[in-house]
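What follows is a set of notes on a single structure, which appears directly below.
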Amino acid sequence: MRPGRKVHGRFFMLTRSPLFPPRPKCAVVVSKKVAVKAVKRNRIKRQGRSILATLLSELGSGAHVFTAKREAASASFAQMEADIRELVRKGNS
């Protein structure tokens, strides 16, 4: 995947950029457009970080920013996990 290129999933969009020194870093971003209430935004971020913690060894080096889409507000944990796994797989190819 080229640096700065975006990969879209059902619930998240992955943007990947190079990082120096080379190491994997990741972030989950949830805007107010996705969920108006902070409680819901924080839940999506917590679940995303929890999923990414298990996938850290699969991430390549660089900054990985997962931006939530509106559909993420109504997604279950299993659906989010499947989407993030798929984005990581696509991002590494």
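Read the figures in this text as sums done on the coordinates, not as results from a lab. Small disclaimer: the values here were computed from a predicted structure and weren't measured. Using ideal geometry, Cβ is built from the backbone for each residue, glycine included, and neighbour counts are taken over all protein chains shown.
Relative to the longest principal axis of the Cα atoms of the chain, the long axis of helix 77-92 makes an angle of roughly 20 degrees.
Please report the net charge: other residues with Cβ closer than 9 Å to the Cβ of Gly62, K and R +1, D and E -1. Spell out each step's value before the answer.
On the way: positive: Arg16, Arg23, Lys25; negative: none.
Result for the neighbourhood of Gly62: +3.
For the chain, lysine pairs with C-alpha atoms less than 23 angstrom apart, excluding pairs fewer than eight positions apart on the same chain, total 20. Taking the average, over residues, of other Cβ atoms within 10 Å as the packing measure, peptides 85-93, 19-27 rank 85-93, 19-27 from highest down.
Our compactness index for the chain, the C-alpha radius of gyration over the empirical 2.2 N^0.38 Å, is 1.02.
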